[in-house]
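In what follows, a structure is listed as structure tokens, so that the remarks can point back to it.
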Amino acid sequence: MQDKQLMENLLLLEKGACDLYLHGTIESGTEQVHQTFQTALNSSLHMESDLYDQMTAKGWYTEEQAQGQKVNTVKQKYSNR
């Protein structure tokens, strides 16, 4: 497996773990369980951030500048609700 594909897979797995830990934190029944999930979430978020930074540095995760007209269209669409 190529490095880029491996990093993409790791990033997707880490994002999934963050989602699970977030829900565990929100739904926890005791303070101890809440703290355990919150600690795991924070650790997972740091790992996700490190993966993102490494991928960005290698040019494997690029961002596009949103076009102003598209942003305004979305703003108008949801401001009317």
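The values are calculated or read from the model by the stated rules, or taken from the named source; none is laboratory data. Quick caveat: nothing in here was measured; it's all calculated off a predicted structure. Because the Cβ atoms are built from the backbone with ideal geometry, glycine has one as well, and the counts that use them run over all protein chains shown. Surface accessibility is based on the protein's heavy atoms, side chains included, excluding ligands, DNA and RNA. Shrake-Rupley method; radii C 1.70, N 1.55, O 1.52, S 1.80 Å.
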Residue check, E48 acidic (D, E), touching a helix residue (DSSP H, G or I) at 6+ places or on another chain (Cβ under 6 Å) and closer than 24 Å to L12 by Cβ: yes
Every residue from the range 1-40 that is more than 22 Å from Y52 (Cα to Cα), among the β-branched types (V, I, T) and under 19 Å from the mean Cα position of the chain (by Cα): T25, I26
Residue count, the range 54-81 (criterion: open to solvent by 80 Å² or more (accessible area, probe 1.4 Å) and not β-branched (V, I, T)): 16
Residue tally, condition aliphatic (A, V, I, L, M) and surrounded by fewer than 12 Cβ atoms within 10 Å (Cβ to Cβ), over the range 13-43: 1
